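Here, each number is a calculation from the coordinates, and none is a lab measurement. Worth saying up front: this structure is predicted, and the values here are computed from it rather than measured. Glycine gets a Cβ as well: all are built from the backbone with ideal geometry, and neighbour counts include every protein chain shown.
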Amino acid sequence: MIQFNPFDYDFHEDPYPIYQELREKAPLYRNEEAGFWALSRHADVLAAFKDTTRFSNTSGVSLEVSGLGENIEMVMSILAMDPPRHDKMRGLVSRGFTPRRVAELEPSIRALATTYLDRFVETGECDWVADFSGRLPMDVVSEMLGVPQGDRDELRTWADLVLHREEGVRGVPRAGVESSGKLLGYFSEMIEGRRRKPGDDLASVLLDVEIDGERLEDSQILAFCYLMIIAGNETTTKLLANCFYWLGRNPAQRAKVEGHPERIPDWIEETLRYDNSTQLLARTLLVDVEMHGQRMEAGDKVLLLVGSANRDEAVFPEPERYDLDRATVEHLSFGRGAHFCLGASLARLEARVSLEEAVRRLPEWRVDEAGAERVHNPNVRGFSKLPLTFEPA
Ligand code: HEM
């Protein structure tokens, strides 16, 4: 009997042996007590991502029940919609997320990275999470949304509280609920302000877009702003630290990047495949579905184990090997199909610019593994603390 429970601490330390067992022996796994099914093979996870008529997003994508019922769209926006409604709304919000708008952010992302690095390059040590990776992604979202500099620290504090989980506590704590109210209040005022006096930011663009006579309501723009914070913040923070952790542990791979900044994208993609910050996504069945000789019922929750799909030997030869030369295009770290991460190109840009600046300015960097601390969360994989040492400037 395989015991798979995404809340187990042992599982967070190293989920990969359990994934391998699941792929081999229980490709459709049932946890009766926790009330979910889990798909672990690449082919099945990919098929489920693409099958929006049976695998629905409208009850949320996390293992925990949202408790929001029909209001879920108010905070999860397009992530909690199914086609065709999803596609129409995504078409509208994508207007604010064009490749040109993302590319234009590069100079400001570089400036942010430089500001944070300047604060510690002379000391020879930092906590990469507290001093850099936990800060930059939220600033980038703020930049994109047009949040003034002076408001950003407060916004960051609220966003951190929304996402923070004490060890062992399930569900959103009270401080988190209060902070999400503050964030929604802040964005709501900001949107009203932009309606009176539009700028060049995402909120202003979204107020202006129109497709076939359809426009976005203020509440829909508000929900989308909120989703950007939830979806774009912690995921990128964790990616940046996972990159340092895994490259630090693999000197032969490190040698490929050192002095070769053009290999940084390969470093990012292999880290996404090898140890993604988003380990699983939930779906809810709209109809009965039979797979691997078992029948699931409409309304059942199914976990798509992205972290396992990315280590499936059927797609990635010797999947346990961290290798910057391998083909990574089949990794599912940004999802697939209708909900494919809208921020994928932004996340890649943030990671590339941050790592370019960091390796240039932190010579001889070393990860202090003994001082590293993991987060314990069923979905998010990565570090809450990652001390680095390097040659002081
Ligand atoms: C390493 C960083 C990131 C990872 C691993 C990641 C991963 C994902 C995944 C797996 C999905 C699909 C969810 C599903 O199918 O249910 C998704 C959706 C989404 N992501 Fe990301 N993401 C990252 C960064 C970002 C950033 C920086 C932003 C924007 C600021 C962003 C915005 C979104 C949005 C808006 C969606 C919803 C798309 C839709 O429902 O159509 N993400 N992300």
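Which order do peptides 218-229, 5-16 fall in by mean Cβ count within 10 Å, highest first?
218-229, 5-16
Multiply the residue separation of Arg165 and Glu192 by 0.36 nm, subtract the distance between their alpha-carbon atoms, and state the gained length in nm to one decimal.
Contour length minus Cα-Cα distance gives 6.5 nm.
Pulled fully out, how much extra length does the chain show between Arg174 and Thr98, if you take 0.36 nm times their separation in residues and subtract their Cα-Cα distance?
Length gained between Arg174 and Thr98: 23.7 nm.
What does the stretch 314-393 give for Rg and for Dmax, in Å, if only its C-alpha atoms count?
Both quantities, over Cα of the stretch 314-393: 16.1, 46 Å.
Most mobile of Gly185, Gly134, Gly150 per a Gaussian network model of the chain (Cα springs, under 10 Å)?
Of the options given, Gly150 has the highest mean-square fluctuation.
Using a Förster distance of 51 angstrom, determine the FRET efficiency expected from the C-beta separation of Glu32 and Asp208, and round it to 0.05.
0.50
Between Gln149 and Asp8, what is the label-to-label distance in nm when each label sits 7 Å out along the Cα-to-Cβ direction?
5.0
Place a point 7 Å from Cα of Asp288 in the direction of its Cβ. Which residues in the stretch 38-62 have their backbone N less than 18 Å from it?
54-55
Can you pick out the pairs among Lys50/Lys88; Lys25/Lys50; Lys25/Lys238 whose Cα atoms lie more than 26 Å from each other?
Lys25/Lys238
Can you compute 3J(HN,Hα) from phi for each residue in the stretch 261-266, using the Karplus curve 6.51 cos²θ - 1.76 cosθ + 1.60 with θ = phi - 60°, rounded to whole Hz and x for Gly and Pro?
Coupling constants for the stretch 261-266: x, 5, 8, 4, x, 5 Hz.
Could you please tell me the mean projected area of the C-alpha convex hull for the stretch 1-64, averaged over all directions and given in square nanometres to one decimal?
Result: 4.9 nm².
What whole-number value in cubic angstrom gives the convex hull volume per residue for the C-alpha atoms of the stretch 9-389?
It is 140 Å³ per residue.
So if each residue of separation counts as 0.36 nm, and I subtract the Cα-Cα distance between Lys256 and Glu125, what length gain in nm does that give?
44.8 nm
Taking +1 at the Cβ of each Lys and Arg and -1 at the Cβ of each Asp and Glu, which of Ala175, Val141, Ser219 sits farthest along the dipole of the chain towards its positive end, judged by Cα position relative to the Cα centre?
Farthest along the dipole direction, towards plus: Ser219.
If packing is taken as the average count of other Cβ atoms within 10 Å, what order do 364-371, 26-33, 203-210 fall into, highest mean first?
Output ranking for 364-371, 26-33, 203-210: 203-210, 26-33, 364-371.
With a 10 Å radius around each residue's Cβ, average the other Cβ atoms per peptide and rank 236-244, 80-88, 299-307, highest first.
236-244, 299-307, 80-88
Sort out for me the Cα centre separation of the stretch 292-365 from the stretch 29-74, rounded to whole Å.
Centre-to-centre (Cα) distance: 18 Å.
Got the relative contact order for the chain handy, in percent, Cα pairs under 8 Å and 6 or more residues apart?
It comes to 28 percent, rounded to a whole number.
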